[in-house]
Amino acid sequence: FYPAVDPGQLIEKIETYTHGNTVEPYKVLVLDDSRAQAKYMETVLKKAGMTAHIITDPMQIIHALEEFSPEIIILDMYMPGCTGMEIARVIRQQDRFHSVPIIYLSAEEDVTKQLHAMSLGGDDFLTKPIDPKHLIATIHNRGRRARSLLALMIRDSLTGLFNHTHTLHLLDQEIVRARQKQQPLCFAMIDIDYFKKVNDTFGHPIGDRVLRSLSMFLKQRLRKTDHIGRYGGEEFAIILPNTRPSDARNVLNEIRERFSELQQPAGDREFNVTFSCGIAAWDDDTSQALCERADRALYSSKELGRNCVTL
Ligand code: GH3
Ligand code: MG
Ligand code: MG
Ligand code: MG
């Protein structure tokens, strides 16, 4: 009933979709009550270089979402006790999976029923038996768009740094990791000094350029494992995993000094900008408590006359 898969042909095909570029394998979750169908899907997806997670029991869906964090979900329509549409609704109720692509794959040929299913949270309706190349092309296109959308959602558009929401998300993740690995963790907050004056004197576009210049500066000088976010207007947050407080202070003091020496161009003039910094060391507490302590340290730096780092 289902055509045998020619692996060679499939691999060749996926490379043509990606224009020869290697992409991180898409994580695809498949729910189909037919074991044979599920197994067939697993073979096709794996041959195409994707990571497949197969379930045959609809009751496992919540657990599978949690455990596997799929980027794309493929749902059968008719299963004992429930329909794919009901499963789609359950998936859509979870914030994290609100925009993950859902593809129905069913033998249902009634277009009215297909459209109804798509109106309830599905993105595509493919019919069985499916040509594996058609299936892979659909998954690849949906996956690529989902990824580029996610990449945009976590970034600040002016600086390209992580935005406020994602920075806090990363901080929570790093706290979990620091606890597991019994490693130190530091959190730093940076606020540009007298930035209003920069805008007032040189104009908003020059102010924007200063923000980008500091972003580049931080990216160049910090490690790949550090996370840099734009916390607010002219405020930045830095997460320093596996870093002792004294090391964090030394690194940020060095960056602060170098940045203050950097000449910022404004037409035929040049000017200098400084920042203040507050650092908090993780003390087996919550991300909120850590942020508050970093904020208080930053406030101290401002009180002490700015252009300094407080730990
Ligand atoms: P302080 O040393 O006390 O931090 O003084 P400040 O002037 O930097 O402090 P304040 O927080 O009062 O002002 C921040 C200014 O940053 C206000 C706002 O106009 C400016 N700002 C915020 N976001 C942006 C932005 O995206 N671009 C530009 N050009 N300016 C921004
Ligand atoms: Mg079925
Ligand atoms: Mg500020
Ligand atoms: Mg400021």
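Within the chain, the selection of entire DSSP H helices by a Cα span of 15 Å or greater along the long axis and an average Kyte-Doolittle value of at least -1.0 returns 7-17, 35-47, 132-153, 164-181, 204-221, 287-303. For a straight C-alpha distance cut-off of 19 angstrom, the aspartates and glutamates reachable from Lys219 (same-chain residues fewer than eight places away being disregarded) are Asp156, Glu174, Asp191, Asp208, Glu234, Glu235, Asp247, Glu254, Glu257, Glu261. Taking other C-beta atoms within 10 Å as the exposure proxy, Asp57, Asp32, Asp268, Asp124 rank Asp268, Asp57, Asp124, Asp32 from fewest upward. Considering only the Cα atoms of region 193-311, their convex hull presents on average a projected area of 7.3 nm². Can you list the lysines whose alpha carbon sits under 23 Å from that of Lys302, skipping same-chain ones fewer than 8 residues off? Straight-distance partners of Lys302: Lys196, Lys197. The separation of region 151-222 from region 55-92, counted between C-alpha centres, amounts to 37 Å. Note on the chain: semi-axes of the ellipsoid equivalent to its C-alpha gyration tensor, largest first and rounded to whole Å, are 49, 21, 18. To check you understand DSSP bridge types, tell me what percent of the beta bridges within the chain (both residues inside) are antiparallel, rounded to 5. Roughly 55 percent of the DSSP beta bridges within the chain come out antiparallel. Put in line by how crowded their Cβ is, counting other Cβ atoms within 10 Å and starting with the fewest, Cys291, Cys186, Cys277 read Cys291, Cys277, Cys186.
Here the contact order of the chain, divided by its residue count and restricted to Cα pairs under 8 Å and six or more residues apart, works out to 13 percent. Pair-distance distribution of region 114-236: all C-alpha pairs, bin width 5 Å, starting at 0; shares per bin in whole percent are 2, 8, 13, 14, 13, 10, 9, 9, 9, 7, 4, 2, 1, 0. Sequence-ordered 3J(HN,Hα) estimates for region 94-100 from the Karplus curve with 6.51, -1.76 and 1.60 and θ = phi - 60° stand at 8, 3, 5, 10, 5, 10, 6 Hz, glycine and proline given as x.
Each value in this text was obtained by applying a stated rule to the coordinates, not by laboratory testing. Since the model is a prediction, treat every value here as computed from it, not as a measurement. Backbone-built Cβ (ideal geometry, glycine too); neighbour counts: all protein chains shown.
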